[in-house]
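Note sheet for the following structure.
The values are calculated or read from the model by the stated rules, or taken from the named source; none is laboratory data. All of these numbers come straight from a predicted model, not from anything done at the bench. Here Cβ is always computed from backbone atoms with ideal geometry, including for glycine, and neighbour counts include all displayed protein chains.
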Amino acid sequence: AVSINNDFLGHPKGVYVCFFTEMWERFSFYGMKALLLLYLIKHHKFGDALGYDLLGAYGGLVYCIPVFGGMLADRYLGMRKAVIFGGLLLVAGHVGMAFEGEAAQMVNGVMVRDEGSLNIFYLSLSLIIMGVGFLKPNISIIVGKLYAPDDPRRDSGFSLFYAGINMGALFASIVCGYLGLTRGWAWGFGAAGIGMVLGLIQFLWGQKYLHGLAEPDRPLARSTEWKIYGGAVLGLLPLAALMWAVANGAFKLPGDISLAFGLMILVMVGVLVWFMWFILKQCTQVQRHQMISLMILIAMCLVFFTLYEQTYGSWVAFTDRLLTKDIVPSLVIQSAVPPLPWSIISLLLAPLSFVVASSLSDRYPASSAPKWLFGGAFALMLVFLVRDSLVLPQTAGSLTYLGAMFLVLLAPIFTGLWGWLGKRNMNPSKPVKSALGLMFAGLSFIPLALAAQQAGISGVEASVWYLVMGYFILELGEMCLSPVGLSAVTQLSVPRVAGLMMGTWFLATAFSETLAALFGKVAAIEIADGGELARNSVEWTAAAAKYEHLFWMMMWIGLGFAALAMVA
Ligand code: GLN
């Protein structure tokens with residue numbers, strides 16, 4: 001037998017397994033998300049307001065279910081099985097998304113939608129919601145478990161993992177955002193699904209490197225396990241019904257709050273009540289202190305992601321309507337080597353090279369060849385990626401890649417920066433980092449507001465470079481706040497409830513998603529029949545003014561909360 005060689009390039013091999021699994025999971029998730037709002041507006045012609053409602057309800061629920069997924073894994077299933085189950089649901093969901101059906105049409109003044117394919121759509125959304133709920137919190141926890149609590153590599157391990165998340169998001173926007181808006185929706189959504197299949201295969205292959213860390217404390221009886229799976233599958237129906245209800249404007253609570261939002265508030269109240277009980281009754285003094293700091297971080301993350309999630313809502317709609325798209329127009333060419341296929345091939349080769357490299361390193365522990373193989377394939381992937389981001393014609397959907405790209409580029413710089421400051425004992429505390437995160441998030445809206453102003457005055461599209469600027473500043477903020485928070489969850493939480501606390505971390509984003517959509521509606525533009533805005537028209541100017549108003553508002557919210565966080 002070949003002995004398993006645990007580390008690779010300074011980190012446990014299991015981290016790379018999680019890296020690639022999560023990379024593909026986020027590929028499917030963000031690929032679909034880059035298209036979702038535009039799909040609702042342009043294909044099913046829901047109009048902006050309903051489009052945002054659906055986006056918010058979906059985004060809310062997708063980050064709300066991890067509370068349950070995390071809890072079930074803590075107590076019963078273990079993380080490994082939860083990830084596999086979630087992965088299967090996700091594959092099914094993304095396959096379902098590829099049934100786009102007929103585009104909605106006006107017939108004698110009435111909007112006729114393809115209800116059959118819409119029902120598949122609601123079910124697919126609920127599969128994705130449930131799938132993320134089981135997969136996302138648990139894969140993140142596994143990363144935490146691969147390091148001993150005081151392992152100094154822990155934070156950098158999470159930075160690595162976070163880079164994986166964003167590698168996935170980066171490719172997803174370029175591949176799915178491009179295919180969806182140029183070849184047809186089914187292509188974009190389908191590509192997302194293929195990504196998730198690959199992620200699942202990667203995880204099934206790599207689970208041996210988790211060394212039993214992701215198993216339940218007490219093994220479950222098969223029948224109990226099946227009850228959990230069965231329950232989750234049954235849970236798909238109410239979720240799908242909820243999506244249907246939101247799309248049909250049914251069951252609205254007062255004040256424009258959808259039922260989904262009401263539900264999330266209930267979950268939040270539940271979690272807070274549990275939290276109070278837990279820290280009062282079950283924690284030592286030190287643990288209580290840590291759990292409270294963790295909760296404060298989570299609250300800041302809620303505000304941050306409310307701003308951040310505008311990128312998949314109002315930023316996309318704004319870019320689609322009022323910005324130019326190509327970053328460097330002169331580079332948008334049909335080059336001799338066709339763009340997309342090569343970056344897709346290199347994207348497939350990188351994880352594959354890890355499979356080969358890690359098997360080789362088990363066999364020949366002393367050889368450095370595996371490292372070179374892996375490093376080479378990884379570098380190739382980055383090269384093609386950068387090239388494609390420059391030469392492919394961009395769409396409003398594919399431009400969401402900017403966020404992930406800056407994050408991937410900034411990650412090593414920030415890791416270095418924190419390390420450098422750490423050596424001089426000047427590393428900012430976690431709360432200060434979060435406050436900085438909020439500040440940058442607020443500032444990132446300034447270029448967007450200026451772009452809206454410009455488009456309004458000139459009557460033509462403003463430059464996409466405003467968007468580039470906005471994303472750059474926003475990602476400075478994300479770097480300060482998000483990986484830090486993720487690692488803090490696994491570090492500060494009492495281990496026995498780590499799954500639930502991870503769920504709570506995502507629950508904060510659930511609120512952010514829904515709040516972001518509510519804010520997005522400030523700039524809801526209703527254009528008849530999903531059509532385009534005409535340049536220089538009254539509608540054009542009015543739309544620009546709405547976006548400008550929204551963007552300034554978001555800026556003040558960011559800066560306001562940053563100031564509050566600094567004082568507190
Ligand atoms: N970009 C992160 C991810 O997708 C953000 C998650 C979050 O906490 N909101 O994993």
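Numbers at a glance
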| item | result |
| --- | --- |
| Among the candidates I141, I129, residue that is outside any loop (DSSP other than H, G, I, E, B), touching a Leu at 6+ places or on another chain (Cβ under 6 Å), of a type in the set (V, I, T) and surrounded by 18 or more Cβ atoms within 10 Å (Cβ to Cβ) | I129 |
| Wholly enclosed helices (runs of 4 or more DSSP H) of region 280-392 bearing at least 3 residues away from the ligand (no atom under 16 Å from the Cβ) and surrounded by 19 or more Cβ atoms within 10 Å (Cβ to Cβ) | 314-322, 339-363, 369-391 |
| Failed condition for L234, given (1) part of a helix (DSSP H, G or I); (2) touching a Gly at 6+ places or on another chain (Cβ under 8 Å); (3) of a type outside the set (V, I, T) | (2) |
| Residue that is farthest from the ligand (Cβ to nearest atom), among those in region 263-279 that are buried (at least 16 other Cβ atoms within 10 Å of the Cβ) and under 16 Å from G59 (Cα atoms) | L263 |
| Hey, S159 at pLDDT below 90 and within 16 Å of the ligand (Cβ to nearest atom) or not | yes |
| Neighbours by Cβ (under 7 Å, 6+ apart or cross-chain): first from region 233-254, modelled with pLDDT under 85 and surrounded by fewer than 16 Cβ atoms within 10 Å (Cβ to Cβ); second hydroxyl-bearing (S, T, Y) and part of a loop (DSSP other than H, G, I, E, B) | K252/S258 |
| Cβ pairs under 6 Å, 6+ apart, first in region 499-517 and farther than 16 Å from M79 by Cβ, second among the acidic types (D, E) and within 13 Å of the ligand (Cβ to nearest atom) | S512/E309; E513/E309; A516/E309 |
| Set L417, L407, L481, L448: member being buried (at least 21 other Cβ atoms within 10 Å of the Cβ), hydrophobic (A, V, I, L, M, F, W, C), away from the ligand (no atom under 16 Å from the Cβ) and assigned to a helix (DSSP H, G or I) | L448 |
| Only listed residue being over 15 Å from F406 (Cα atoms), touching a residue at least 60 places away in the same chain (Cβ under 8 Å) and assigned to a helix (DSSP H, G or I), chosen from A441, A435 | A435 |
| Residue match in region 489-500 (condition: among the charged types (D, E, K, R) and out of contact with any Leu (no Cβ under 9 Å at 6 or more places or on another chain)) | yes |
| The listed residue being in contact with a strand residue (DSSP E or B) (Cβ under 8 Å, 6 or more places away or on another chain) and not basic (K, R), out of T324, T319 | T324 |
| Residue list for region 413-432, restricted to those being touching a residue at least 60 places away in the same chain (Cβ under 8 Å) and in contact with a Gly (Cβ under 9 Å, 6 or more places away or on another chain) | K430 |
| Any chance L507 is over 30 Å from I413 (Cβ atoms) and within 16 Å of the ligand (Cβ to nearest atom) | yes |
| Hits in region 455-468 - residues which are assigned to a helix (DSSP H, G or I) and either surrounded by fewer than 19 Cβ atoms within 10 Å (Cβ to Cβ) or within 16 Å of the ligand (Cβ to nearest atom) (or both) | I457, S458, W465, V468 |
| Identity of the residue in region 207-227, of a type in the set (G, A, S) and modelled with pLDDT of 85 or more, that ends up farthest from the chain's Cα centre (by Cα) | S223 |
| Failed item, numbered, when S487 is tested on (1) among the polar types (S, T, N, Q); (2) at pLDDT 85 or above; (3) away from the ligand (no atom under 11 Å from the Cβ); (4) within 18 Å of the chain's Cα centre (by Cα) | (2) |
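Every residue, every condition in (1) of a type outside the set (A, V, I, L, M, F, W, C); (2) modelled with pLDDT of 90 or more, yes or no:
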position	(1), (2)
I345	no, no
S353	yes, yes
K371	yes, yes
L392	no, no
L409	no, no
P412	yes, no
W418	no, no
